[in-house]
Amino acid sequence: MKDRFAKNLMELNGQIAQACEECDRDADDITVIAVTKTFPATAISIAVASGVFNIGESRLQDAEPKIVELGQIARYHMIGHLQTNKVKKAVELFDCIQSVDSLKLAKEISKRAVEAGRTIECFVEVNSSEEPQKNGVALDETLDFIKQIYQLPNLKLTGLMTIGPHTIDENKIRAAFHKCHHLFKEGKQIVGNGFTHLSMGMSSDFKIAIQEGSTMIRVGTGLFGSRDKT
Ligand SMILES: *Cc1c(COP(=O)(O)O)cnc(C)c1O
């Protein structure tokens with residue numbers, strides 16, 4: 001796994017560099033999150049050994065034993081849907097929760113973070129594809145939602161996260177990302193300069209995401225190979 005990871009990472013970095021060059025951006029402005037969901041703890045160790053210190057996991061139950069085993073060798077990002085009754089644990093395990101999509105969840109994160117004496121970085125998850133079955137705050141409600149949560153204690157709101165529409169139509173993907181970038185800029189007007197992360201783009205669509213202003217891409221398959229199932 002280690003050799004394949006190193007090779008995939010080199011390829012990925014090359015593709016990021018090329019995408020950045022094409023749109024006149026600096027590759028240093030793109031953070032890679034290695035998405036290790038469904039893979040064992042060794043996947044995290046391998047990523048960290050190669051210098052990828054941001055790790056994404058989408059299910060609390062699966063992530064917990066890995067994080068407990070490895071400890072704080074990386075920054076752990078929760079990228080999957082989070083239920084309110086799991087927030088206490090999530091606040092202990094994760095440095096950043098990218099999937100904040102309801103006021104109830106945000107308040108619970110704040111409350112549990114205060115209790116734990118931690119500050120948790122949070123992103124608002126935006127439903128940019130406007131598919132009703134998808135998680136995330138609706139595009140036209142995102143700015144109001146930001147205003148409601150950004151001053152909650154011990155919750156540090158630093159960005160937006162979105163999952164692109166599940167389609168091969170590049171124009172649809174681009175349009176969704178474009179809208180999120182616009183919201184990101186508007187969000188900065190509300191939150192201030194600490195609002196710095198636009199987490200969008202996965203293995204299949206990160207080039208479009210970079211062209212549309214992403215600062216953080218979440219790559220699983222492209223680094224570790226395909227998952228059996230999620
Ligand atoms: C699984 C997952 C990813 C990574 O997807 P790949 O296509 O394997 O790169 C990114 N973001 C979220 C929210 C995910 O659940």
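The values are calculated or read from the model by the stated rules, or taken from the named source; none is laboratory data. Treat the numbers as computed from the prediction; the structure is a model and nothing was measured. Cβ coordinates were reconstructed from backbone atoms using ideal geometry, including for glycine residues, and neighbour counts include every protein chain displayed. Please note that ligands, DNA and RNA were not included when accessible areas were found on the heavy atoms of the full protein model with its side chains. Shrake-Rupley method; radii C 1.70, N 1.55, O 1.52, S 1.80 Å.
Summing -39500 (n - 2.57) over the DSSP H runs of n ≥ 4 in the chain and dividing by its residue number, what mean residue ellipticity at 222 nm do you reach, to the nearest 500 deg cm²/dmol?
-13500 deg cm²/dmol, from helical runs alone.
Counting pairwise Cα distances across segment 1-47, what percent come out greater than 18 angstrom?
Within segment 1-47, distances greater than 18 Å cover 38 percent of Cα pairs.
Compute the FRET efficiency between Asp3 and Glu69 as 1/(1 + (r/R0)^6), taking r as their Cβ-Cβ distance and R0 = 25 Å, and round to the nearest 0.05.
0.65
Amide H of Lys37 versus every other amide H placed in the peptide plane: which residues, excluding those fewer than 5 positions away on the same chain, fall under 5 Å?
Ser58
Obtain the nm distance between the two label points defined at Ser102 and Arg118 by a simple spin-label model: each point lies 7 Å from its Cα along the Cα-to-C-beta direction.
Once both label points are built, they end up 2.2 nm from each other.
Could you give the accessible area per residue of the chain, probe 1.4 Å, as a whole number in Å²?
It amounts to 48 Å² per residue over the chain.
For the chain, give the percent of accessible area contributed by carbon and sulfur heavy atoms, probe 1.4 Å, rounded to a whole number.
Here it works out to 48 percent.
Just to check I understand the Karplus step: with θ = phi - 60° and J = 6.51 cos²θ - 1.76 cosθ + 1.60, what whole-Hz values come out for segment 184-197, glycine and proline as x?
Result, ordered by residue: 4, 5, 5, x, 4, 5, 7, 7, x, 5, x, 8, 10, 10 Hz.
Mean separation of Cα pairs under 8 Å and 6+ residues apart, divided by the residue count of segment 2-224: what relative contact order is that in percent?
Rounded, it is 20 percent for segment 2-224.
Expressed as a whole number of Å, what is the distance separating the alpha-carbon centroids of segment 181-198 and segment 59-76?
Measuring centre to centre over Cα atoms gives 29 Å.
Between segment 124-142 and segment 77-99, what's the alpha-carbon centroid distance in Å?
18
For a Förster distance of 30 Å, can you work out the FRET efficiency between the beta-carbons of Met10 and Ser226, rounded to the nearest 0.05?
Efficiency, rounded to the nearest 0.05: 0.95.
Aspartates and glutamates near Lys172 by alpha-carbon distance under 18 Å, same-chain residues fewer than 8 away left out - which ones?
List returned: Glu130, Glu131, Asp140, Asp205, Glu212.
Of all the C-alpha pairs in segment 1-156, what % are more than 27 Å from each other?
32
Can you tell me which lysines have their Cα less than 19 Å from the Cα of Lys88? Leave out same-chain residues fewer than eight positions away.
Lys66, Lys104, Lys107, Lys111, Lys156
Can you bin every Cα-Cα distance in segment 18-89 into 10 Å intervals starting at zero and give me the percent of pairs per bin, rounded to whole numbers?
Taking all Cα pairs of segment 18-89, the binned fractions are 18, 44, 25, 12, 1 percent.
How big is segment 104-226 in terms of Cα radius of gyration and Dmax, in angstroms?
14.8, 45
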